[in-house]
Amino acid sequence: MATLLTVHAHPDDESIGMGGTIAKAVRDGHRVVLVTATRGELGEIVVPEMDTPDNHRRLGELRAVELETAMVHLGVTEWENLGYRDSDMMGRVGNRDARCFWQADLDEAAGRLTWLIRQVRPDVVTMYNSFGGYGHPDHIRVHDVTIRAFERAGDPSWYPGQLGGEGGLEIWRPKKLYEQAIPTSVRKAMDEAIQATTGQPSRWAEPEEATEEEKAAFREQMAKMLVPDETITTWVDISTTIEQKWHAVRAHVTQFADTFPWIQLGLDGWRRIWTKEAYILRESSVPTSPPESDLFAGL
């Protein structure tokens with residue numbers, strides 16, 4: 001069977017974006033190695049009774065425990081961390097922290113992931129798009145670092161100190177590279193379901209009480225986030241693993257409150273509107289015939 005190495009910014013990203021695909025890969029006998037760049041130390045705590053200074057101080061540890069629980073639900077047993085601090089959001093103090101992922105030297109960070117690729121020898125690698133899915137600095141850096149490591153792992157001129165000798169590695173060229181994608185149709189279905197179920201407008205709906213400048217900025221952000229369905233190369237049916245995805249997401253208790261509209265849809269709501277996860281194939285050294293239904297197609 002093949003190996004999937006999937007790269008994410010924080011604990012919880014693995015479950016939200018591709019939890020169903022991960023669980024399906026494990027069920028089908030593939031090896032899955034999960035990589036997170038940070039421990040999510042600067043995330044919010046959305047459960048009021050847990051939102052304390054002490055919990056914020058140890059949030060990285062709390063989220064590591066949440067991740068372990070989520071991995072149990074998904075069936076994943078291998079986890080690696082690139083060792084950077086959460087970068088918070090653009091313009092905040094945490095984003096200027098010298099230890100954070102956003103401030104990391106790109107070549108050095110790519111070297112860490114290159115080492116993991118050479119060590120794990122994956123057939124398939126996944127990342128986010130150049131906007132990081134929704135513009136978070138750590139997500140953007142996942143793209144920047146992964147796209148470099150994917151190419152460099154197979155080039156002996158990059159990080160030669162990792163190669164040969166006692167305990168050294170060999171170069172490795174993964175066969176396929178994918179970006180996760182948020183299809184326009186899925187977001188539209190989610191918006192409509194949230195409105196029908198909760199009576200609340202989706203957080204992704206254009207704000208009515210906003211200036212024209214703010215609305216234009218919102219539309220620009222949505223254009224970077226959402227992907228036209230016709231550009232999707234790979235639709236993975238997760239109908240048989242969506243329950244695992246649901247429980248994995250819910251394991252991240254500090255990050256997802258019961259009052260969140262898309263949590264209020266419940267598992268049955270997810271089964272109606274979220275039975276596929278979408279990807280765009282960016283690199284492949286094996287023959288492919290999109291649209292695919294499997295990240296391992298052609299291997």
field: Answer residue from segment 174-201, given it is among the acidic types (Asp, Glu) and part of a helix (DSSP H, G or I) and is surrounded by the fewest Cβ atoms within 10 Å (Cβ to Cβ) among those
entry: GLU192
- prompt: Got a number for residues in segment 9-30 being in contact with a Leu (Cβ under 7 Å, 6 or more places away or on another chain) and outside any helix (DSSP H, G or I)?
  reply: 2
- line: From the option list PHE218, PHE150, single residue qualifying as within 27 Å of GLU277 (Cα to Cα), modelled with pLDDT under 85, part of a helix (DSSP H, G or I) and hydrophobic (A, V, I, L, M, F, W, C) is PHE218
- prompt: Hey, ILE171 hits all of (1) in contact (Cβ under 8 Å) with a residue 60 or more places away in the chain; (2) over 19 Å from the mean Cα position of the chain (by Cα); (3) surrounded by 18 or more Cβ atoms within 10 Å (Cβ to Cβ); (4) outside any helix (DSSP H, G or I) but one; which does it fall short on?
  reply: (1)
message: Is it the case, given these coordinates, that LEU177 is touching a helix residue (DSSP H, G or I) at 6+ places or on another chain (Cβ under 7 Å), under 30 Å from PRO287 (Cα atoms) and of a type in the set (A, V, I, L, M)?
response: yes
- request: Look through segment 101-147, keep the residues that are among the hydroxyl-bearing types (Ser, Thr, Tyr) and modelled with pLDDT of 95 or more, and return whichever of them is farthest from ALA297 (Cα to Cα).
  value: THR114
field: When residues of segment 224-262 are limited to those that are closer than 22 Å to VAL76 by Cβ and among the aliphatic types (A, V, I, L, M), the one surrounded by the most Cβ atoms within 10 Å (Cβ to Cβ)
entry: ALA248
task: Give just the number: which of (1) surrounded by fewer than 21 Cβ atoms within 10 Å (Cβ to Cβ); (2) of a type in the set (Phe, Trp, Tyr); (3) assigned to a helix (DSSP H, G or I) does TRP102 not satisfy?
output: (1)
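Residues are listed down the side, and each one gets a yes or a no for (1) touching a strand residue (DSSP E or B) at 6+ places or on another chain (Cβ under 9 Å); (2) within 23 Å of MET190 (Cβ to Cβ):
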site: GLN244; (1), (2): no, yes
site: PHE256; (1), (2): no, yes
site: ILE263; (1), (2): no, yes
site: ASP268; (1), (2): no, yes
site: ARG272; (1), (2): no, yes
site: THR275; (1), (2): yes, yes
site: GLU283; (1), (2): yes, no
site: VAL286; (1), (2): yes, no
site: SER289; (1), (2): no, no
field: Flag for ALA149 being of a type outside the set (Asp, Glu), within 27 Å of VAL286 (Cα to Cα), surrounded by 15 or more Cβ atoms within 10 Å (Cβ to Cβ) and in contact with a Pro (Cβ under 9 Å, 6 or more places away or on another chain)
entry: no
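The values are calculated or read from the model by the stated rules, or taken from the named source; none is laboratory data. Source: prediction; values computed, not measured. Don't worry about glycine lacking a Cβ; one is built from the backbone with ideal geometry, like all the others, and counts go over all protein chains shown.
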